[in-house]
1. Name the residues in the range 85-126 that are open to solvent by 40 Å² or more (accessible area, probe 1.4 Å), among the acidic types (D, E) and under 16 Å from the mean Cα position of the chain (by Cα), would you?
2. Which of (1) on the phi < 0 side of the Ramachandran plot; (2) modelled with pLDDT under 95 is the odd one out, the single condition G104 does not satisfy?
3. Does I296 count as in contact with a strand residue (DSSP E or B) (Cβ under 7 Å, 6 or more places away or on another chain) and of a type in the set (V, I, T)?
4. For the range 185-282, which fully contained helices (runs of 4 or more DSSP H) count at least 2 residues that are on the phi > 0 side of the Ramachandran plot, open to solvent by less than 40 Å² (accessible area, probe 1.4 Å) and not hydrophobic (A, V, I, L, M, F, W, C)?
5. Across the range 43-61, which residue is nearest to W24 (Cα to Cα) among those that are open to solvent by 50 Å² or more (accessible area, probe 1.4 Å) and polar (S, T, N, Q)?
6. Out of all the residues in the range 211-223, is one or more within 17 Å of the chain's Cα centre (by Cα) and under 19 Å from N108 (Cα atoms)?
7. Tally time: how many residues in the range 62-84 are of a type in the set (S, T, Y) and surrounded by 19 or more Cβ atoms within 10 Å (Cβ to Cβ)?
8. Let me confirm something: among G312, G297, which residue is open to solvent by less than 60 Å² (accessible area, probe 1.4 Å) and in contact with a helix residue (DSSP H, G or I) (Cβ under 7 Å, 6 or more places away or on another chain)?
Amino acid sequence: MKTVISAVFAATMMFATTAGAESWDMPTPYPDGNFHTQNIRQFVEDVKTATNGALTINVHSGGALVKATEIKRAVQSGQVQIGETLLSSLGNEDAVFAFDSIPGLVSNYASAEKLWHAAEGAVKKHLEEQGLVLLYSVPWPPQGVYAKSELKALADLKGSKFRTYNPATARFAEILGASPVTVQAAEVPQAFKTGVVDAMITSGATGVDSQAWDYVDYYYDLQAFLPQNMVFVSKDVFDGLSEETRSALVKAAAAAEERGWKTSAELNDGYKRTMAEHGIHVEAPSDAMSKELAGIGETMTSEWVEKAGPDGAAIIDAYRK
């Protein structure tokens with residue numbers, strides 16, 4: 001009799017869990033092989049396990065469900081519940097979100113982490129004002145310049161068609177005297193092969209993802225900045241979760257952030273080795289490049305603080321302490 005009762009109870013509990021289950025759709029901009037996407041897939045598995053299936057998240061990678069530039073709006077409008085985007089791509093709507101894309105401000109993971117700690121509170125506040133909750137953020141590897149021909153100085157890029165992916169990289173191109181051309185990550189190979197662009201600044205991860213050896217010959221490891229991706233959720237949806245599910249989601253997000261930072265750092269040198277093995281000349285920046293980068297950084301830091309206002313000034317002050 002006890003066995004029968006236990007079986008009935010178990011079946012009832014399974015039905016209750018299924019009936020109350022949440023299923024979310026999550027668009028991401030990058031392919032399945034990208035470390036950000038792989039980290040997300042581990043995150044959603046952790047959520048599913050921790051909630052006993054009460055919350056499942058269906059990942060739609062590579063911009064398949066929603067284009068990269070439209071993911072934030074899709075979450076805000078309720079089209080999807082959760083998403084990933086490049087934080088600094090939102091710099092035109094709110095300069096605070098571009099804290100991580102100022103050339104020369106940070107050049108390694110330790111300084112990038114310090115900057116993130118200085119900026120995290122302001123980023124969360126500004127997102128919540130827009131009905132969004134930040135779950136976690138992970139950086140790309142340090143950014144370097146890709147070019148079809150050898151460069152002695154960044155000034156050699158004057159007149160080039162320079163691929164950009166956020167307002168900061170567009171401003172970087174303008175200062176260099178290059179023509180900024182916005183191209184999303186998935187479209188980079190085609191843009192180079194068709195002559196739409198002939199140089200860019202991005203990470204080794206994007207270089208490997210897009211097989212940069214098919215369209216450029218040089219990579220200059222400037223370590224100019226470490227832009228961050230963020231995973232975020234609708235505040236209304238987040239607030240509607242049970243306390244237990246919400247806690248599991250936050251815990252899984254914290255683990256994903258820690259894992260993502262570690263993975264990004266571990267993979268950085270490997271990306272550069274892979275590009276070198278495929279024939280790209282992976283070079284350290286010349287003294288001229290380093291001096292030019294420092295000057296551009298001073299200009300862009302001043303411009304960013306002016307645009308970001310008190311929150312921007314507070315971030316820089318906290319970082320430099």
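The values are calculated or read from the model by the stated rules, or taken from the named source; none is laboratory data. The structure displayed is predicted, hence computed values, not measured ones. FYI the Cβ positions are ideal-geometry reconstructions off the backbone, even for glycines, and counts take in every protein chain you see. The protein model used for the area step is the full one, side chains on, heavy atoms only, and it has no ligands, DNA or RNA in it. Shrake-Rupley method; radii C 1.70, N 1.55, O 1.52, S 1.80 Å.
1. E113, E120
2. Unmet condition: (1).
3. no
4. On the way: elements: 188-193, 204-209, 235-239, 243-277.
Per the criteria, no element qualifies.
5. Among them, the one singled out is N58.
6. Within the range 211-223, one or more residues are within 17 Å of the chain's Cα centre (by Cα) and under 19 Å from N108 (Cα atoms).
7. 0
8. Checking each option against the conditions leaves just G312.
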